[in-house]
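Below is one structure, written out as structure tokens, with a few remarks after it.
The values are calculated or read from the model by the stated rules, or taken from the named source; none is laboratory data. Small disclaimer: the values here were computed from a predicted structure and weren't measured. When we count neighbours, we look across all protein chains shown, and the Cβ atoms used for this are built from the backbone with ideal geometry, even at glycine. Note: areas computed on protein heavy atoms with side chains; ligands, DNA, RNA excluded. Shrake-Rupley method; radii C 1.70, N 1.55, O 1.52, S 1.80 Å.
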Amino acid sequence: MKQRALSRYLQGTSPLLLMKKYDIKGSATIYQWLAQFEIFGIQGLENCRRKTFYDYS
């Protein structure tokens, strides 16, 4: 989904339309994906839902 949305954005589709179509919460998300893509390529768009937990004991 990220790749499709970002591809459409790069083709000129407005962030507002992409937010409605792909149920994205805010335009900042699209810009964050764009930055990750520019730095890391396609791998930067892969889902990374791991949270880091720190043991403070």
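Below, the figures for the structure above:
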{"item": "Rounded percent of accessible protein surface that carbon and sulfur make up, the chain, 1.4 Å probe", "result": "52"}
{"item": "Under 20 Å from the Cα of K2 - aspartates and glutamates, other chains or at least 8 residues apart", "result": "D23, E38, E46"}
{"item": "Gain on full stretching of the segment that runs from R4 to S27 - 0.36 nm per residue minus C-alpha separation", "result": "6.8 nm"}
{"item": "Given (i) 13.7, 50; (ii) 11.5, 33; (iii) 14.3, 51, the label whose value is Rg and Dmax of the Cα atoms in Å derived from this model", "result": "(i)"}
{"item": "The chain: calculated mean residue ellipticity at 222 nm from DSSP helix runs of at least 4, using -39500 (n - 2.57)", "result": "-16000 deg cm²/dmol"}
{"item": "FRET efficiency for I39 and T13, using Cβ-Cβ distance with R0 set to 25 Å, rounded to 0.05", "result": "0.65"}
{"item": "Accessible area in square angstrom per residue, the chain, 1.4 angstrom probe", "result": "87"}
{"item": "C-alpha long axis of helix 27-40 to longest principal axis of the chain, angle in °", "result": "70"}
